[in-house]
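The structure appears right after this line, and notes come after that.
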Ligand SMILES: [Zn+2]
Ligand SMILES: [Zn+2]
């Protein structure tokens, strides 16, 4: 069954099928900026399982995700795909995650999605805020060394 999501104004709609390849919280400063929050919650989905349902730039609505690219700490370019109308970042792509799409968990439709899908680990734990540490109750806890995996 496909899991669906959308941006704040819902003009951009996405879905994925199957199990995500990876699901991690990320405490890097880029994820904070992108989410406007204290950390990012990201799932990495094979691009073949990912679909842009609405906002393809085809048809009556010319709406499609805008992009902004940046060189991450690891040296690879990472591109954010966001709604030009409401500003929500829905996903990110880049050579650090070949053949995959990183979906920002907050855009999923099911408000209980984050409770049903426990993250498998955390990235950039060195940047984790003290207030976030209290929420780290995940049984599986992989620590990635800063810089080995780009956000
Ligand atoms: Zn939008
Ligand atoms: Zn990050």
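Residues checked against (1) modelled with pLDDT under 95; (2) within 13 Å of ligand 2 (Cβ to nearest atom); (3) closer than 23 Å to residue 86 by Cβ:
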{"residue": "4", "(1), (2), (3)": "no, no, yes"}
{"residue": "8", "(1), (2), (3)": "no, no, yes"}
{"residue": "11", "(1), (2), (3)": "yes, no, yes"}
{"residue": "26", "(1), (2), (3)": "yes, yes, yes"}
{"residue": "29", "(1), (2), (3)": "yes, yes, yes"}
{"residue": "35", "(1), (2), (3)": "yes, yes, yes"}
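Checking 64, 116 one by one, the residue that is free of Cβ contacts under 8 Å to residues at least 60 places away in the same chain, crowded, with 17+ Cβ neighbours inside 10 Å and away from ligand 2 (no atom under 15 Å from the Cβ) is 64 and no other. Regarding the range 35-51, can at least one residue be identified that is within 16 Å of ligand 1 (Cβ to nearest atom), assigned to a strand (DSSP E or B) and farther than 30 Å from residue 130 by Cβ? No; the residues of the range 35-51 include none that is within 16 Å of ligand 1 (Cβ to nearest atom), assigned to a strand (DSSP E or B) and farther than 30 Å from residue 130 by Cβ. Selection within the range 82-98: residues that are within 15 Å of ligand 2 (Cβ to nearest atom) and either assigned to a loop (DSSP other than H, G, I, E, B) or free of Cβ contacts under 8 Å to residues at least 12 places away in the same chain (or both). The member of this set that is farthest from residue 120 (Cα to Cα) is 94. Only one of the numbered conditions (1) in a strand (DSSP E or B); (2) within 21 Å of residue 120 (Cβ to Cβ) is violated by residue 31, and that is (1). Within the range 14-27, the set of residues being crowded, with 19+ Cβ neighbours inside 10 Å and out of contact with any helix residue (DSSP H, G or I) (no Cβ under 6 Å at 6 or more places or on another chain) comprises 14, 15, 20, 23, 24, 25, 26. Applying the selection to the range 55-67, what residues are part of a loop (DSSP other than H, G, I, E, B) and in contact with a strand residue (DSSP E or B) (Cβ under 6 Å, 6 or more places away or on another chain)? The answer is 65, and nothing else.
Somewhere in the range 68-77, is a residue buried (at least 21 other Cβ atoms within 10 Å of the Cβ) and either more than 15 Å from ligand 2 (Cβ to nearest atom) or part of a strand (DSSP E or B) (or both)? Quick ask: steps written out before the conclusion?
As a first pass, look at the range 68-77 and keep what is buried (at least 21 other Cβ atoms within 10 Å of the Cβ): none.
No, the range 68-77 contains no residue that is buried (at least 21 other Cβ atoms within 10 Å of the Cβ) and either more than 15 Å from ligand 2 (Cβ to nearest atom) or part of a strand (DSSP E or B) (or both).
Inclusion of residue 79 among residues that are free of Cβ contacts under 8 Å to residues at least 24 places away in the same chain, more than 30 Å from residue 132 (Cα to Cα) and out of contact with any helix residue (DSSP H, G or I) (no Cβ under 7 Å at 6 or more places or on another chain) is not warranted.
May I ask you to list the residues in the range 2-28 that are in a loop (DSSP other than H, G, I, E, B) and on the phi < 0 side of the Ramachandran plot? Break it down stepwise before answering.
To start, the set of residues in the range 2-28 that are in a loop (DSSP other than H, G, I, E, B) comprises 2, 7-12, 17-21, 27-28.
Hits for the range 2-28 are 2, 7, 8, 9, 11, 12, 17, 19, 20, 21, 27, 28.
The values are calculated or read from the model by the stated rules, or taken from the named source; none is laboratory data. The model shown is predicted, which means the values in this text are computed figures rather than measured ones. Virtual Cβ from ideal backbone geometry, glycine too; neighbours counted across all protein chains shown.
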